[in-house]
Amino acid sequence: MDDRPAIAFIGAGRVAGMLARAFADLGYPVPAVASRSPESAQRVASLVPDCRAVSPQDAADAAEVVFITTSDGAVADVAASVAWRAGQGVVHCSGALTCEPLAPARAAGANVGSWHPFQTFGGETTLAGVTFGIEADGDLLAFLERLASEVGGYPLRVPAQARALYHAASVFSCGYLTTLLGEARTLWTRAGLPPEQAFQAITRIASSTLANIERFGAETALTGPTSRGDSGTVRLHLDSVKSVAPELLPLYREICLRSVELARQAGRPVAGMDLRPLFDEYDEGGAGS
């Protein structure tokens, strides 16, 4: 493989646009991009020099390495619809999928791989500091690891059997975190506090928490009543949540229990704290009803 092989894209969403710019800035030729939407392909092509919006087959023919940046459900169809060539690199960017959907490319003699940015792509996003989950054949593995380092990221080999859990971890860190903060807003507004100030307050404390986790680790950064064995405050929370947002009781319960376990791992003074009898009272409709 050349030191700076030409890289094309099939799929023209936000990931393709960001990667195309990043690769071009590093000196990689990006000659072609394809998409079911000609407008999307043209938009991505316009972001880098000497790039054309073409058909998927023409994109594959134009490059030594092809990134399939479609939705997960379309990866196998793209792989089966293109005539690949021996020695070519064919890479998808899914976190959950193994390389199995790329079997038609492998059967044609191509090296196949997965190069997944452990990152969310909304608004302004940078690849610097991002971990890249990588699985690949032959020389393609070393190339993808080098590429992750060149964009300022950290390569991580993720074997096929670990990919689903690896991706679940990414969803916990991003999508489900968003859901959790959304439910924090629910409690804020149902307490009668100004809705327009909810995310100003919530995102500030969340950002501080994430900074502490990055610096000290989750066990040390853990705060809240379960981190100090304060079952009285937990009871106050349960009473209030049951009163205004009973649908959130199961979520609060599970997070509390997991927090106690995290506190125990950190050696916090919660060894004798057992919240299950307290939660059972609320599950049975006793306290707070």
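Can you tell me which residue within the stretch 180-225, out of those that are touching a residue at least 12 places away in the same chain (Cβ under 8 Å) and basic (K, R), is farthest from R264 (Cα to Cα)?
R190
Hey, any hits in the stretch 43-61 for a residue that's within 23 Å of Y154 (Cα to Cα) and either in the same structural domain as E135 (by TED's automatic domain parsing) or in a strand (DSSP E or B) (or both)?
no
Quickly run through the stretch 99-127 and pick out the residues that are assigned to a loop (DSSP other than H, G, I, E, B), of a type outside the set (S, T, Y) and under 15 Å from the mean Cα position of the chain (by Cα).
Correct list: F118, Q119, F121, G122, G123, L127.
Within the stretch 44-66, does at least one residue satisfy the condition of being without any contact (Cβ under 8 Å) to a residue 60 or more places away in the chain and within 18 Å of H116 (Cβ to Cβ)?
Yes, there is a match, as at least one residue in the stretch 44-66 is without any contact (Cβ under 8 Å) to a residue 60 or more places away in the chain and within 18 Å of H116 (Cβ to Cβ).
Return the total of residues in the stretch 95-116 being among the hydrophobic types (A, V, I, L, M, F, W, C) and under 21 Å from V171 (Cα atoms).
Looking only at that region, the number is 4.
Taking the condition of a type in the set (S, T, N, Q), surrounded by fewer than 23 Cβ atoms within 10 Å (Cβ to Cβ), out of contact with any Cys (no Cβ under 9 Å at 6 or more places or on another chain) and at pLDDT below 95, does T131 pass?
no
How many residues are in contact with a strand residue (DSSP E or B) (Cβ under 8 Å, 6 or more places away or on another chain) and loosely packed, with under 12 Cβ neighbours inside 10 Å if we restrict to the stretch 156-175?
So the count comes out to 1.
Within the stretch 202-243, count every residue that is closer than 22 Å to T189 by Cα, among the hydrophobic types (A, V, I, L, M, F, W, C) and surrounded by 14 or more Cβ atoms within 10 Å (Cβ to Cβ).
5
When only residues in the stretch 185-201 that are surrounded by 13 or more Cβ atoms within 10 Å (Cβ to Cβ) and more than 21 Å from P246 (Cα to Cα) count, which is modelled with the highest pLDDT?
For the stretch 185-201, the residue satisfying everything is A201.
Name the residues in the stretch 108-135 that are closer than 22 Å to Q161 by Cβ and either outside the structural domain of V66 (by TED's automatic domain parsing) or of a type outside the set (F, W, Y) (or both), would you?
Of everything in the stretch 108-135, those that are closer than 22 Å to Q161 by Cβ and either outside the structural domain of V66 (by TED's automatic domain parsing) or of a type outside the set (F, W, Y) (or both) turn out to be N111, V112, G113, S114, H116, P117, T131, G133, I134, E135.
Would you tally the residues in the stretch 72-100 being acidic (D, E) and more than 19 Å from A12 (Cα to Cα)?
Qualifying residue count for the region: 1.
Take the residues in the stretch 134-146 that are without any contact (Cβ under 8 Å) to a residue 40 or more places away in the chain and closer than 28 Å to G175 by Cβ; name whichever of them is surrounded by the fewest Cβ atoms within 10 Å (Cβ to Cβ).
Result: E145.
Does any residue of the stretch 101-121 turn out to be over 22 Å from R14 (Cα atoms), among the aromatic types (F, W, Y) and buried (at least 16 other Cβ atoms within 10 Å of the Cβ)?
No, the stretch 101-121 contains no residue that is over 22 Å from R14 (Cα atoms), among the aromatic types (F, W, Y) and buried (at least 16 other Cβ atoms within 10 Å of the Cβ).
Within the stretch 147-167, work out how many residues are touching a residue at least 12 places away in the same chain (Cβ under 8 Å) and not in a loop (DSSP other than H, G, I, E, B).
Number satisfying all stated conditions: 12.
Within the stretch 48-66, is there a residue that is of a type in the set (V, I, T), crowded, with 17+ Cβ neighbours inside 10 Å and under 18 Å from D137 (Cα atoms)?
Yes, because at least one residue in the stretch 48-66 is of a type in the set (V, I, T), crowded, with 17+ Cβ neighbours inside 10 Å and under 18 Å from D137 (Cα atoms).
The values are calculated or read from the model by the stated rules, or taken from the named source; none is laboratory data. What you see is a predicted model, and the numbers here were worked out from it, not measured in a lab. FYI the Cβ positions are ideal-geometry reconstructions off the backbone, even for glycines, and counts take in every protein chain you see.
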